[in-house]
Amino acid sequence: MRAAVSRQHRWWALVALTVVAVVLLAIMISLAVAIGEIAIPLSTTARAVSNRIFGTSFELNRIHQGIVWDYRLSRALVAASAGASLALCGVVLQAMLRNPLAEPYVLGISAGASTGAVCVMILGLGYGALTLSGGAFIGAIVAFLLVGVLAAGAGRSSERIILCGVAGSQLFNALTSYIVTTSANAEQARGVLFWLLGSMSGVRWSDVYLSVPVAIAGYLACLFHARALDAFAFGTDAAAALGIAVRRVQVVLFGITALMTAAVVSMVGSIGFVGLVIPHAARFIVGPSHHRLLPATALGGAIFMVFADIVSRIIIPQQILPIGVVTALFGAPAFAIILFRARRSV
Amino acid sequence: MSIAVENVAYAAGKTIVVDGITLAVEQGKVLGLLGPNGSGKSSLLRLICRLRKVDSGIIRLAEQDIAAIPRANLARRIAFVEQQATTDTQLTVRDVVQLGRTPHRGLLSPWGVDDDLAVEDALARVDMAHRADQFWHTLSGGERQRVHVARALAQTPSELLLDEPTNHLDIQHQLEILSLVTRLGVTSIIALHDLNLAAMFCDSLAVLQNGKVVAAGAPQEVLTEDLIARVFGVRAHIERSAVHGRYNIQYTMG
Ligand SMILES: Nc1ncnc2c1ncn2[C@@H]1O[C@H](COP(=O)(O)OP(=O)(O)OP(=O)(O)O)[C@@H](O)[C@H]1O
Ligand SMILES: [Mg+2]
């Protein structure tokens, strides 16, 4: 009885929390649209959006309209959906691999994507048929498969998978450096930095149409497997004994994380630590049950990424920092804290 | 027969781990699985709940080949307590026991009153109800073991497989867990190392050695001084206990 009451109580707290998170996300996106070299009042923003979506005809400065709609709003939406996708990948990988450090960046998937992009950009692989994003996409999938094969050979224990990820990262980073130093000119080298650090510049509406559906579809697929993710807490045998079709769930969820990561990296480059920081923060707030953790992680990832994008644009006047630098500034200390806590609990 | 194992063999790589085992447990009875380290007890239990596939032979659950039972249906029938299972996730005792309800819940069916009852009942049975909100990683070894048993009970199984459930338990809780299991009326197979506990609580025993059954039957038939010398390599003296009437084994050195 007491359990039921406390659960109901938590249910209301969760609704409140969800509302707060959604409002916070809306505020972040509005700020992201308002803030920049040309400050645009929120009222102008609202009118510009309304002009495009509801067909209203508020009189607006054409430049303002363009900045809001073509530049900043699309950028904020891509940031939000990419953040949600990366954070979801982190939470799913952590549950499946039973390792608190698992996330796409640590597992070398982002590094693979960078190599793929560099192959197209500098070596001209794909003979023009392959775009930069296509190359990144293929690189991410290859990296995922490579780390998977390495890990299967190394015995699948959760520490080893992280080591395989580190080995994979090193390999792909070495390949990238090799290609850049032997074949790239100065301008190309600067372009490569884009992939290594992650950047939101160059994002357009076409990216929104890919990244938002990917985030939503990925989220729904993960939510569908929430109970299975819970059941993995004591390992694959325990999950199977609880009636989970372990092999099928693994194939589906690893596949989804690979596709989500590949899609994100192909648009905005390799952005680290979002998949690490956000799931842990979300777990801290809503607890370990994936029915609550997945929505919290998705919203948290979206908010964090838009926030990081804003910071990247205003922290140095007249200059835009790569967003990956900002997420790393928050992420690296979090990584260290998680390591310390993991040690203490052993 | 509730559980019937027929001529089952299993190899891990090139190592033959289970080598043609046949045994059976009647509805509601408790079978004790004995044998030295590495004799194949855990492996056999894993085969029975289909965590591994048999290389040859058949395992039946109420006359039905388990290979033909869907995974989720199987989990609604058989609960398994592993020898060692732990987690880094910050779960409370109640979270862990709630996992036992996983096979009983449909995709869209919300957590129900039945689920709550099963969880609270299981917690009370292993004497952990007052610790329900404590974090798993702060529990002692024996408390963890009891929570695992509660998780299995919350699964409301008709067959229960326990791999050394008394490991880490103090003597009071060893006796409590075993008498709890034997009073449940659920068909159970328990891997045990303590021959005296096996003699006290099990309806029948099977002794494994190198993946083979070397003796099976009622405890008094199986546990002979000769067998203990042969399988475990220790000398023993066996007599009927004046206290509980069951067999009692004393070991002698040298
Ligand atoms: N994957 C594997 N590869 C090689 N050998 C294995 C594998 N799995 C099990 N074995 C071997 O099979 C034998 C039986 O193991 P099992 O865990 O079933 O023994 P057990 O009777 O439960 O022992 P214990 O009393 O120590 O728990 C052991 O010798 C073990 O080394
Ligand atoms: Mg064992």
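Quick notes
- Membrane-span-like helices in chain A (whole DSSP H runs, Cα extent of at least 27 Å along the helix axis, mean Kyte-Doolittle hydropathy of at least 1.6): A:132-153, A:246-268.
- Beta bridges per DSSP with both ends in the protein assembly as shown, % antiparallel, nearest 5: 60 percent
- Rg/Rh for the range B:154-254 stands at 0.97; both radii use Cα atoms, and Rh follows the Kirkwood definition.
- Remark: the range B:3-252 carries a charge dipole of roughly 480 debye about the Cα centre, counting +1 on each Lys and Arg Cβ and -1 on each Asp and Glu Cβ.
- In terms of overall dimensions, the range A:119-256 has a Cα radius of gyration and Dmax of 18.7, 57 angstrom.
- Grouping the Cα pair distances of the range B:117-164 into 10 Å bins from zero gives a pair-distance distribution of 28, 56, 16, 0 percent in increasing distance order.
- Across all Cα pairs in the range A:212-312, the calculated P(r) in 5 Å bins from zero up to the longest distance comes to 2, 12, 19, 25, 20, 13, 6, 3, 1, 0 percent per bin.
- In a DSSP loop and with at most 14 other Cβ atoms within 10 Å, the GluC sites (Glu not before Pro) in the range B:56-120 are B:GLU63.
- Straightening the chain between B:VAL234 and B:ASP203 buys 8.8 nm, computed as 0.36 nm per residue apart minus the Cα-Cα spacing.
- For chain B, share of DSSP beta bridges that run antiparallel, in % to the nearest 5: 60 percent
- Taking amide hydrogens as placed 1.01 Å from N in the peptide plane, the amide H of B:THR86 sits under 5 Å from that of no residue at least 5 positions away in sequence or on another chain.
- Here B:LYS14 is the anchor, and the lysines within straight C-alpha reach of less than 17 Å, apart from those fewer than 8 places off in the same chain, are B:LYS53, B:LYS212.
- Our Cα-only numbers for chain A put the radius of gyration and Dmax at 20.8, 70 Å.
- Whole-Hz couplings from phi, Karplus 6.51/-1.76/1.60, listed for the range B:190-204; x for Gly and Pro: 10, 7, 9, 9, 7, 5, 5, 5, 4, 5, 6, 10, 9, 6, 8
- Among A:GLY90, A:ALA245, A:ALA328 - extreme Cα towards positive end, dipole of chain A, charges at beta-carbon: A:ALA245
- With both labels modelled 7 Å from their Cα along Cα-to-Cβ, the A:THR181 to B:ALA9 distance reads 5.7 nm.
- The alpha carbons of the range A:142-203 stretch over 43, 29, 16 Å along the principal axes, in descending order.
- Portion, in percent, of the accessible area of the protein assembly as shown that falls on carbon or sulfur, probe 1.4 Å: 61 percent
- By the helix-only formula, in which each DSSP H run with n ≥ 4 contributes -39500 (n - 2.57) and the sum is divided by residues, chain A has a 222 nm mean residue ellipticity of -25500 deg cm²/dmol.
- GNM flexibility winner over chain A from A:GLY202, A:GLY255, A:GLY135 (Cα, springs under 10 Å): A:GLY202
- Relative packing of peptides A:111-117, B:124-130 - highest average C-beta neighbours within 10 Å first: A:111-117, B:124-130
- Added length on full extension, which subtracts the Cα-Cα distance from 0.36 nm per residue, A:ARG190 to A:LEU339: 50.3 nm
- Taking amide H positions as modeled 1.01 Å from N, with prolines and chain starts lacking one, the residues under 5 Å from B:ALA215 and 5 or more places away or on another chain are B:VAL207.
- The alpha-carbon positions of the range A:72-182 define a convex hull whose volume is 111 Å³ per residue.
- Ranking A:ILE35, A:GLY198, A:ALA298 by Cα position along the charge dipole of the range A:2-345, where only Lys, Arg, Asp and Glu carry charges on their C-beta atoms, puts A:ALA298 farthest toward the positive end.
- The GNM of chain B, with springs linking C-alpha atoms under 10 angstrom apart, assigns the highest mean-square fluctuation among B:PRO36, B:PRO157, B:PRO110 to B:PRO110.
- Average accessible surface area per residue within the protein assembly as shown, 1.4 Å rolling probe, Å²: 46 Å²
- A Förster radius of 30 Å, combined with the Cβ-Cβ distance separating B:GLN27 from A:VAL251, puts the computed FRET efficiency at roughly 0.20.
- Rg followed by Dmax, in Å, when the range B:3-252 is reduced to its Cα trace: 18.4, 60
- Dipole magnitude for chain A: computed about the Cα centre from +1 point charges on Lys and Arg Cβ and -1 point charges on Asp and Glu Cβ, it is near 880 debye.
- The helix-only estimate of mean residue ellipticity at 222 nm for chain B, built from DSSP H runs of length n ≥ 4 each weighted as -39500 (n - 2.57), is -9000 deg cm²/dmol after division by the residue total.
- The average projected area of the protein assembly as shown, computed from the convex hull of its Cα atoms over all directions, is 32.9 nm².
- Fraction of the pair-distance distribution of the range B:21-64 above 12 Å, Cα-Cα pairs, percent: 67 percent
- Residues along the range A:86-130 losing 10 Å² or more of accessible surface when the other protein chains are present rather than the chain by itself (probe 1.4 Å): A:ARG98, A:PRO100
The values are calculated or read from the model by the stated rules, or taken from the named source; none is laboratory data. Remember, predicted model here, so these are calculated numbers, not experimental data. Quick reminder, even Gly has a Cβ in these numbers, built from the backbone with ideal geometry, and neighbours come from all protein chains shown. For the accessible areas, the whole protein counts, side chains as well, though only heavy atoms, and no ligand, DNA or RNA atoms are used. Shrake-Rupley method; radii C 1.70, N 1.55, O 1.52, S 1.80 Å.
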